[in-house]
Amino acid sequence: MRTHGQIDERSLRLARAVADKLETGDLTMGLERARAVNRRWREQSPSGLHDDWAEILLRDWPFIRVALLDESERGAQLRQNNPFCGILTPQERWGI
């Protein structure tokens with residue numbers, strides 16, 4: 001069984017891979033996808049973290065990137081509700 005620390009570290013590695021992929025691919029499409037996911041999640045299951053992501057996603061990419069890759073406890077908490085799902089392929093996720 002994984003520890004919370006191991007889960008948080010994997011989540012951060014996945015977030016780094018997402019950021020790298022967005023920066024080398026279609027950033028605009030990736031951000032729009034994340035915004036759509038966040039909207040859907042907020043409609044289906046409102047939560048403070050979904051609202052926090054909605055605020056973050058209104059900003060420009062450098063700000064979003066900092067939030068996504070924040071290594072603090074708050075960053076780990078945000079990554080638990082990371083709306084960038086679907087950016088990485090299953091193979092990319094498995095590699096991490």
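If you wrap the stretch 20-62 in the convex hull of its Cα atoms and look at it from every side, the mean projected area works out to 3.1 nm².
Given R₀ = 30 Å, what would the calculated FRET efficiency be for Gln6 paired with Val66, taking r from the Cβ atoms and rounding to 0.05? It would help to have the intermediate numbers written out before the result.
Working: r = 24 Å, r/R0 = 0.78.
E between Gln6 and Val66, to the nearest 0.05, is 0.80.
GNM on the chain, alpha-carbon springs under 10 angstrom: the most fluctuating residue among Gly48, Gly86, Gly75 is Gly48. Restricting the chain to trypsin sites (Lys or Arg not before Pro) that sit in a DSSP loop and have at most 13 other Cβ atoms within 10 Å of their own Cβ leaves Arg2, Arg59.
Across the chain, Cα-Cα pairs farther apart than 22 Å form 24% of the total.
Read-outs: derived from the displayed coordinates by stated rules, not from any lab. The model shown is predicted, which means the values in this text are computed figures rather than measured ones. Here Cβ is always computed from backbone atoms with ideal geometry, including for glycine, and neighbour counts include all displayed protein chains.
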